[in-house]
Amino acid sequence: MTTSTSAPARETIKSHLHPTPSWNVADHPLPTGLEETWRFTPVERFNSLLQAGSVDHAQWQLKLPGEVTTRKVSLNEAMAFSFDAPVDLVGALAAKDAGDDVTLISVPPEAELADPLVIDLDAEGKDLAGHLLIDIGHHAVATVLLRHTGKGRFAGKAELHAGDGSHVDFVSVQDWDEGSVHGGQVSVLVGRDANVRTIQATVGKGDVRLNERAEFNGTGGNLQQLGLYFSQASQHVEHRMFIDHNAPSTESHVDYRGALQGKGSHSVWIGDVLIRSNALDIETYETNKNLMLTEGCQADSVPNLEIETGEIRGAGHASSTGRFDEEQLFYLRSRGIPEPDARRLVVEGFFLDIIHRIGIADVEERLAAALSVQLSAIEGMSSESVLAKAEADE
């Protein structure tokens, strides 16, 4: 089994923000919603992913460039490969229920993939568990696309290892049909001097809760994490991020943006960066921005920094949730652009900056189409009606 070298051993984090990772399902109690890591989540919506039972194994549809290989490995082999055990009950059950049906995809060292490595999952109305490993060899160049579609319930655990000196783009799209439920854990290990960019896009109509975790396997690693999410009426979308700066001279930058519309629309973004005592000369910044397109929405945004050394280049975070930028609207309207068109331009500019960085044409087109659906919520509405509840809440 060709694997990346595991991350160096490190001290366990003792904090209510960081449940102890474990492959043992018994180590993850059934959440009540009172726990810090579950307090923003409507636990009842994810109950189907929190109960042991009979589920089908995810059948990944793979489109692999010629030099890429794939094979099945056992759970024990997957555990030996992994740097990041499950941190909640959903992830632990996903690994347990997938059992020995673990898919390992390997990109050879120094390979330069001209086409994306595509992994598709269509739930087809089923209850599914999936366990996926992606191993990018040293100094390889690759784009990985993971897509989730259809209607069903899916508990997943996915892990990507970016080898030393590699350049990797990892795009994950959650494009579920209404009534779907998706929970799980996505982990990324950044090798020495590797450049990794992740893009998470949750644009469908299902309820989604993802733990997104990353750490470094040597100095010089650079991690860029981009995300966008759209939440519609009665939909719950939750992205929980953790970046562990466990090596010196590493960098991370996070930029997640969300748009909410419709009564009961709820988004959660938790950003947590830990700078360990040995992580000297690092730089990190995380930002989350949310646009409330209609009344009746709720966006929870919580950035965190945990710093154990002062010998760093820089660390910061920012979070904003609110209405349209009035200065931008005023500028556009002063140039003769009608208000609905001006608001559309503001929102398009807010998201297209990220969409156009993906570099996969059909994905960019799908995300632009999803953005258009969100924008339809504000067509023909005055700013007074769109912003009434936001101003009342203030």
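The values are calculated or read from the model by the stated rules, or taken from the named source; none is laboratory data. It should be emphasised that the depicted structure is a prediction, and the values quoted were computed from it without experimental measurement. Neighbour counts run over all protein chains shown; Cβ positions are idealised from the backbone, glycine included. For the accessible areas, the whole protein counts, side chains as well, though only heavy atoms, and no ligand, DNA or RNA atoms are used. Shrake-Rupley method; radii C 1.70, N 1.55, O 1.52, S 1.80 Å.
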Open item on the list: When you check residue 54 against the structure, is it polar (S, T, N, Q), touching a His at 6+ places or on another chain (Cβ under 9 Å) and at pLDDT below 95, yes or no?
Closed with: no
Task: Members of region 163-176 that are over 14 Å from the mean Cα position of the chain (by Cα) and free of Cβ contacts under 8 Å to residues at least 40 places away in the same chain - done: 165, 166, 167, 168
Task: Every residue from region 12-54 that is within 23 Å of residue 236 (Cα to Cα), of a type in the set (Val, Ile, Thr) and surrounded by 10 or more Cβ atoms within 10 Å (Cβ to Cβ) - done: 37, 41, 43
Open item on the list: Restricting to region 344-360, give me the number of residues that are among the acidic types (Asp, Glu) and either without any contact (Cβ under 8 Å) to a residue 12 or more places away in the chain or outside any helix (DSSP H, G or I) (or both).
Closed with: 1
- [ ] Just need a number here: residues in region 135-149 that are part of a strand (DSSP E or B) and either within 13 Å of residue 65 (Cβ to Cβ) or in contact with a Phe, Trp or Tyr (Cβ under 8 Å, 6 or more places away or on another chain) (or both).
- [x] 10
TODO: Go through (1) touching a Phe, Trp or Tyr at 6+ places or on another chain (Cβ under 9 Å); (2) open to solvent by less than 40 Å² (accessible area, probe 1.4 Å) and name the single condition residue 332 misses.
DONE: (1)
Task: Of all residues making up region 347-358, the number that are farther than 15 Å from residue 230 by Cβ and more than 18 Å from the chain's Cα centre (by Cα) - done: 1
TODO: Any chance you could count how many residues in region 65-88 are within 22 Å of residue 29 (Cα to Cα), in a helix (DSSP H, G or I) and either touching a strand residue (DSSP E or B) at 6+ places or on another chain (Cβ under 9 Å) or modelled with pLDDT under 95 (or both)?
DONE: 1
Open item on the list: Residues that are surrounded by fewer than 16 Cβ atoms within 10 Å (Cβ to Cβ) and of a type in the set (S, T, N, Q): does region 306-319 have at least one?
Closed with: yes
- [ ] Could you list, in sequence order, all residues of region 136-152 that are crowded, with 22+ Cβ neighbours inside 10 Å, within 17 Å of residue 183 (Cα to Cα) and over 15 Å from the mean Cα position of the chain (by Cα)?
- [x] 152
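For every residue, the table says whether it meets (1) assigned to a loop (DSSP other than H, G, I, E, B); (2) of a type in the set (Gly, Ala, Ser); (3) at negative phi.
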site: 269; (1), (2), (3): no, no, yes
site: 285; (1), (2), (3): no, no, yes
site: 295; (1), (2), (3): yes, no, yes
site: 310; (1), (2), (3): yes, yes, yes
site: 333; (1), (2), (3): no, no, yes
site: 336; (1), (2), (3): yes, yes, no
site: 363; (1), (2), (3): no, no, yes
TODO: Return the residue satisfying two criteria in turn: it lies in region 335-353 and is modelled with pLDDT under 80 and of a type in the set (Asp, Glu), and of such residues it is most open to solvent (accessible area, probe 1.4 Å).
DONE: 341
